[in-house]
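Data block below; observations after.
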Amino acid sequence: MRPAVDKKTIKDIAEIANVSYATVSRALNDKYGVKEGTKRRVLEIANQLQYSPNAIARGLKSNRTYTIGLVIPDISNPFFPEVARGVEEGASEQGYSVLLCNTNWNVSREEQYLNLLAERRVDGIIISPMSASSQSLWQDEVVGDVPVVFLANAPMGTSRPYVIIDNTRGGYLATSHLLLQGYERVAFVGAQEGSVTVDQRFEGYRAAIDERGARFDDSLVCLGDFREQSGYEAARDLISGRNCPDAIFAENDLLAIGVIHAVRERGLRVPEDVAVVGFDDIPLAAFPEIHLTTIAQPKEEMGRRAARLLSDAVDRVEAGRGPASAQVMLEPELVVRGTSMRNTDESRLRAGTTLPD
């Protein structure tokens with residue numbers, strides 16, 4: 001038989017701090033009405049006693065589970081663990097635990113997870129939906145009145161809260177940088193049609209080509225999936241054709257790494273023969289053997305902000321103030337490394353990193 005655990009309670013903290021139970025509760029939950037000095041002392045005592053609130057008791061009192069769901073399409077893509085870490089940190093700050101669900105780019109699995117999370121009575125859901133084809137999942141009959149925040153990818157025209165990057169701007173920055181470096185035949189390697197992020201990054205690619213007076217060639221557009229192997233196969237096909245590109249913009253970094261492997265395998269040099277730019281700025285992009293020019297997203301910040309938006313949405317529902325609608329679009333940043341740099345002077349390189357709006 002296990003020995004009984006001496007579980008400390010709010011009563012213990014209140015007796016040591018010589019304050020009321022209500023004051024302890026307000027201090028622990030960061031509510032108004034407690035002097036700063038008192039709050040600090042309560043928190044110090046709680047830490048010394050290793051106090052842990054009873055989540056079940058809190059849930060019964062507030063009708064919450066203090067749990068949220070995070071649904072992502074591919075945990076093996078280094079982009080998503082960084083985003084998930086931001087979500088976990090932001091959720092923890094708000095007093096929530098996170099249930100992680102990986103759909104593996106499968107619409108049916110995405111729907112299954114949504115139903116499961118709703119059945120588990122999570123307080124809210126943060127999701128990076130895999131494509132526009134899954135937009136129907138966001139009808140009320142699927143998620144009911146569970147608050148939802150989109151992260152990294154949001155259906156067009158949604159009224160729900162989201163945290164995304166300006167993907168069109170990012171595609172424009174990447175392509176303009178290549179054109180400013182003197183490359184003329186810039187290819188686009190993307191993932192499946194119907195993905196909002198792919199469509200937006202392609203829109204930026206086209207805008208840069210049109211603005212710079214370059215010729216758009218649809219034979220330089222290859223679509224597959226989001227994984228490295230797809231980038232490898234797309235680049236192999238592109239550089240084997242009659243109209244071999246001299247630069248390739250891949251709409252995520254894994255695709256770009258696959259592109260680099262295919263180019264080098266063919267005996268071509270990066271960037272002298274074929275330049276490469278990716279999107280996301282995953283940790284692998286900075287490795288010396290890759291040194292990938294890419295469009296950076298503030299991944300952990302995106303996750304933290306999504307968690308805060310969801311916490312606010314849950315509070316609004318509980319207070320009867322209606323659904324939240326805050327929508328956040330963050331700015332992308334061009335990070336120039338070795339896969340796109342020709343022998344140009346520093347002023348031209350800088351021009352490629354500070355493009356006009």
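The values are calculated or read from the model by the stated rules, or taken from the named source; none is laboratory data. Small disclaimer: the values here were computed from a predicted structure and weren't measured. Cβ atoms come from the backbone with ideal geometry, glycine included; neighbour counts cover every protein chain shown.
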Note: among 254, 284, just one is closer than 24 Å to residue 209 by Cα, part of a helix (DSSP H, G or I) and in contact (Cβ under 8 Å) with a residue 40 or more places away in the chain, namely 254
Tally, over segment 189-235, of residues that are of a type in the set (Phe, Trp, Tyr) and in contact with a Lys or Arg (Cβ under 8 Å, 6 or more places away or on another chain): 1
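Each row is one residue, and each column tells you yes or no for (1) at pLDDT 85 or above; (2) hydrophobic (A, V, I, L, M, F, W, C); (3) on the phi < 0 side of the Ramachandran plot.
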residue: 125; (1), (2), (3): yes, yes, yes
residue: 129; (1), (2), (3): yes, no, yes
residue: 137; (1), (2), (3): no, yes, yes
residue: 147; (1), (2), (3): yes, no, yes
residue: 152; (1), (2), (3): yes, yes, no
residue: 162; (1), (2), (3): yes, no, yes
residue: 173; (1), (2), (3): yes, yes, yes
When residue 34 is evaluated against the numbered criteria (1) in the same structural domain as residue 323 (by TED's automatic domain parsing); (2) aliphatic (A, V, I, L, M); (3) modelled with pLDDT under 85, which criterion, by number, is the only one it fails? (1)
Looking across segment 196-210 at residues that are among the aliphatic types (A, V, I, L, M) and modelled with pLDDT of 95 or more, the single one that is surrounded by the fewest Cβ atoms within 10 Å (Cβ to Cβ) is 207
Sort out which residues of segment 162-196 are under 14 Å from the mean Cα position of the chain (by Cα) and part of a loop (DSSP other than H, G, I, E, B), and write them in order of number. 166
Of the conditions (1) assigned to a helix (DSSP H, G or I); (2) within 23 Å of the chain's Cα centre (by Cα); (3) in the same structural domain as residue 199 (by TED's automatic domain parsing); (4) crowded, with 16+ Cβ neighbours inside 10 Å, residue 278 fails just one. Which one is it? (1)
Being touching a strand residue (DSSP E or B) at 6+ places or on another chain (Cβ under 6 Å) and part of a loop (DSSP other than H, G, I, E, B) is true for just one of 294, 339. Which residue is that? 339
Being crowded, with 16+ Cβ neighbours inside 10 Å, out of contact with any Phe, Trp or Tyr (no Cβ under 8 Å at 6 or more places or on another chain) and among the hydrophobic types (A, V, I, L, M, F, W, C) is the filter here; which residues of segment 211-243 pass it? 214, 223, 234, 235, 238, 239
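Could you say which residue among 220, 238, 178 is in contact (Cβ under 8 Å) with a residue 40 or more places away in the chain, closer than 25 Å to residue 342 by Cα and in contact with a Pro (Cβ under 6 Å, 6 or more places away or on another chain)?
Every option except 238 fails the conditions.
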